[in-house]
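Below is one structure; the comments refer to it alone.
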Amino acid sequence: MADRDGVIWLDGKLVPWRDAKVHVLTHSLHYGMGVFEGVRAYETDKGPAIFRLREHTDRLFNSAHILNMKVPYAKDVINQAQIDVVRENKLPHAYLRPLVFYGSEGMGLRAAGLNVHVAVAAWEWPSYMSPEALELGIKVRTSSYTRHHVNITMCKAKSSGSYMNSMLALNEALSGGADEALLLDNEGYVAEGSGENVFLIRDKVLYTPELTSCLDGITRKTIIQLAEERGYKVREKRLTRDEFYIADEAFFTGTAAEVTPIRELDGRIIGEGKRGPITEQLQAVYFDLVRGKLDEYRDWLTFAV
Ligand code: PMP
């Protein structure tokens with residue numbers, strides 16, 4: 001990742017990709033206290049369009065606020081930085097990674113005296129799941145790792161340290177032959193995937209876990225709105241893993257994972273064992289709107305031209 005051409009926005013300036021470096025004593029590298037976003041820009045007929053940029057930046061600032069880190073830039077500066085890295089790197093489509101972190105001004109757990117730094121990188125990252133996964137669905141295993149409790153890391157913050165739990169869960173699932181992990185909360189109810197929110201569909205009603213132990217996903221919110229606008233009921237409630245076993249359809253949502261059908265959980269086939277019809281409908285609308293084909297959702301797109 002580090003050895004390539006291009007530019008990265010670092011602390012207010014665009015710097016050559018290879019020079020966007022930090023010291024090994026960078027505080028956030030040691031203790032995981034940092035926050036970030038994952039944002040996507042899609043190719044449209046008017047150039048690359050960043051999907052729901054303002055909402056991602058709002059969540060970045062909220063995450064920093066939760067961790068009591070003060071971002072030393074205004075939101076519109078960070079929005080412009082994201083537009084600039086897509087444009088200056090001439091990316092037709094991109095994954096964007098804004099990161100807020102403590103620097104190498106000190107070590108130890110006291111936050112006083114540490115400076116908050118901000119980096120924004122963008123690169124082409126076409127598919128997080130394989131293209132077949134988006135059509136055929138993926139195999140998921142319930143994780144042996146519990147998802148964060150609200151009083152351990154605070155789930156509303158998309159914080160760097162939280163992803164240790166995600167990595168443990170995902171790599172356990174992968175080494176067991178599955179494609180993704182489903183994490184339960186500390187009471188045993190379904191929380192989310194390692195980097196996705198989760199939905200099930202039963203009798204044409206969509207269900208998704210309440211926002212207690214999962215991230216307030218921007219794709220989740222988008223899919224809830226798209227489903228309701230198409231006449232589906234959506235309920236946010238506590239869900240159990242066996243409700244997924246007997247669901248008609250299930251899918252993950254996320255900026256990287258987009259709308260990924262789940263065909264199997266813990267060796268139980270879900271529904272027909274492939275992408276279900278409502279998942280297919282919502283996935284198609286999602287892909288059309290992020291690619292700028294649906295005028296009514298143009299407000300969600302920021303053109304990086
Ligand atoms: N949960 C977790 C743990 C995630 O990392 C992500 C990805 N940001 C999501 C849910 C989905 O959020 P979004 O739709 O905003 O990408």
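Of note:
- One residue stands out in region 229-250 among those that are small (Gly, Ala, Ser) and touching a residue at least 24 places away in the same chain (Cβ under 8 Å): the one that is surrounded by the fewest Cβ atoms within 10 Å (Cβ to Cβ), namely Ala247.
- Tabulated pairs, region 203-222, first in the same structural domain as Glu280 (by TED's automatic domain parsing), second among the small types (Gly, Ala, Ser) and assigned to a helix (DSSP H, G or I), C-beta under 6 angstrom, 6+ apart or interchain: Leu206/Ala227
- Looking only at region 164-186, and only at residues there that are surrounded by fewer than 16 Cβ atoms within 10 Å (Cβ to Cβ) and touching a residue at least 40 places away in the same chain (Cβ under 8 Å), the one that is nearest to the ligand (Cβ to nearest atom): Met164
- Residue match in region 269-278 (condition: part of a helix (DSSP H, G or I) and under 24 Å from Tyr42 (Cα atoms)): yes
- Test: residue in region 54-65 that is closer than 19 Å to Ile218 by Cα, in contact with a helix residue (DSSP H, G or I) (Cβ under 7 Å, 6 or more places away or on another chain) and in a loop (DSSP other than H, G, I, E, B): no
- Applying the condition of being of a type in the set (A, V, I, L, M, F, W, C) and within 16 Å of the ligand (Cβ to nearest atom) to region 251-281 and asking which residue is surrounded by the most Cβ atoms within 10 Å (Cβ to Cβ) yields Phe251.
- The set of residues from region 133-149 being outside any strand (DSSP E or B) and in contact with a strand residue (DSSP E or B) (Cβ under 9 Å, 6 or more places away or on another chain) comprises Ala133, Leu134, Glu135, Leu136, Gly137, Arg147, His148.
- Inside region 213-242, residues that are in a helix (DSSP H, G or I) and either modelled with pLDDT under 95 or more than 16 Å from the ligand (Cβ to nearest atom) (or both) make up a count of 4.
- Scanning region 183-196 for residues that are within 15 Å of Ser162 (Cα to Cα) and assigned to a strand (DSSP E or B) turns up Leu183, Leu184, Ala191, Glu192, Gly193.
- Any hit, region 133-154, residues being of a type outside the set (A, V, I, L, M), assigned by TED's automatic domain parsing to the domain that holds His30, exposed (fewer than 13 other Cβ atoms within 10 Å of the Cβ) and at negative phi: no
- Within region 251-268, the set of residues being assigned to a loop (DSSP other than H, G, I, E, B) and either touching a residue at least 40 places away in the same chain (Cβ under 8 Å) or not assigned by TED's automatic domain parsing to the domain that holds Gly193 (or both) comprises Thr255, Ala256, Ala257, Asp266.
The values are calculated or read from the model by the stated rules, or taken from the named source; none is laboratory data. As the structure is a computational prediction, the values presented were derived from the model and not from experiment. Virtual Cβ from ideal backbone geometry, glycine too; neighbours counted across all protein chains shown.
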